[in-house]
Amino acid sequence: MHAQFLDFVPASAKPLLIELLDNDNLTVKVKRERKTRHGDYRMLPNGKHQITVNSNLNSYRFLITLIHEIAHFEAYSKYGRQIKPHGKEWKHTFQHLMLPFIRPEVFPLELLPLLANHFKNPKASSDTDTQLAYALKQFNEDDNKTYVFELPLNQTFKLYNGRVFRRGNKRRKRIECVEVSSGKLYLFNPNAEVEVLD
């Protein structure tokens, strides 16, 4: 049951994950890349519980995403379905589940302080933690990608969906970008992956 997804996590995390998932009786499926999410959790019509995680994630991002989704299941099981998906109950559960994994046997030393800081108050997506997201991307196999924060002012770029933008000024946490076709202003996460246009 566990063979498929265990190939995607750091080796030293496998025993803890097997124990966690055997107790929770969750099904984990590995999916092709989805641009809008790294993973998800849902209760199926037959009453069983399923987690999906994207196959294109590096092993550290895969592990964080998997624990994120397990935390949804455990928070709903403990507190009921009326809680907010990323509210205090989920945050507490995510912190509790992630703690045994935040150690040098599982994660590289350079990620540990960033993870410790992130898990003081975990967000709905680790992508909103710019420092952690960028550090995690350094472990991607294909890391010749370009990010919005690297672009010079007024550089045009394209997203995966074909929409074209021009980079503007940086705000406190986001970067202003104008869609070329509509002239509308959008705020981008600095770590958004883009394709540079000439």
Give the distance, in whole Å, between the Cα centre of segment 1-46 and the Cα centre of segment 93-172. 21
What are the GluC sites (Glu not before Pro) within segment 101-198 that DSSP puts in a loop, where the Cβ has at most 13 other Cβ atoms within 10 Å? E105, E110, E141
Where labels lie 7 Å past Cα in the beta-carbon direction, separation of T156 and K173 in nm: 3.1
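Which value, in debye to the nearest 20, describes the size of the charge dipole of segment 54-130 about its Cα centre when Lys and Arg Cβ atoms bear +1, Asp and Glu Cβ atoms bear -1, and nothing else is charged? It would help to have the intermediate numbers written out before the result.
Working: 9 positive and 7 negative charges, 66 e Å.
Using only the charged Cβ atoms, the result is roughly 320 debye.
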Would you list which lysines come within 25 Å of K35, measuring only between C-alpha atoms, while excluding same-chain residues fewer than 8 positions from it? K84, K91, K123, K137, K145, K158, K170, K173, K184
So what's the angle, to the nearest 10 degrees on a 0 to 90 scale, between helix 14-24 and the longest Cα principal axis of the chain? 70
For segment 82-160, what class follows from the C-alpha gyration tensor (a ≥ b ≥ c being the square roots of its eigenvalues): rounded when a/c is under 1.5, otherwise prolate if a/b is larger than b/c, else oblate? oblate
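Please list, by residue number, every one of the GluC sites (Glu not before Pro) in segment 31-75 that is coil in DSSP and has at most 15 other beta-carbon atoms within 10 Å. Let's see the in-between values first.
Values: sites: E33, E69, E74; in loops: E33.
Here the sparse-neighbourhood loop sites are E33.
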State to the nearest 20 debye the size of the charge dipole of the chain about its Cα centre, where the only charges are +1 on K and R beta carbons and -1 on D and E beta carbons. 920
How far, in nm, would the chain grow between N117 and K35 when pulled straight, counting 0.36 nm per residue and subtracting the alpha carbon separation? 26.9 nm
Descending semi-axes in whole angstrom, ellipsoid equivalent of segment 146-196, from the Cα gyration tensor: 14, 13, 9
So if we plug the beta-carbon distance of K145 and E19 into 1/(1 + (r/R0)^6) with R0 = 25 Å, what FRET efficiency do we get, rounded to 0.05? 0.10
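Are there chymotrypsin sites (Phe, Trp or Tyr not before Pro) in segment 66-108 that DSSP marks as loop and that have at most 14 other Cβ atoms within 10 Å, and which are they? Please list the in-between numbers first.
Values: sites: F73, Y76, Y79, W90, F94, F101; in loops: none.
For chymotrypsin sites (Phe, Trp or Tyr not before Pro) across segment 66-108 that sit outside H, G, I, E and B with at most 14 neighbouring Cβ atoms in 10 Å, the list is empty.
Rounded, prolate or oblate, given the Cα gyration tensor of segment 16-57, with a/c below 1.5 counting as rounded?
oblate
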Candidate aspartates and glutamates for bridging to K48, where Cα separation is under 15 Å - those fewer than 8 sequence places away on the same chain excluded: D22, D24, D40, E69, E74
Pairwise label distance in nanometres, E105 with K78, each label 7 Å out on the Cα-Cβ vector: 2.3
Rounded FRET efficiency, nearest 0.05, which uses the C-beta distance separating V180 from S12 and R0 of 45 Å: 0.45
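Bear in mind these aren't lab numbers, they're just calculated from the coordinates by the rules spelled out. Since we're looking at a predicted model, the values are computed, not measured. Neighbour counts are summed over all protein chains in view; Cβ atoms, including those assigned to glycine, are modelled from backbone coordinates with ideal geometry.
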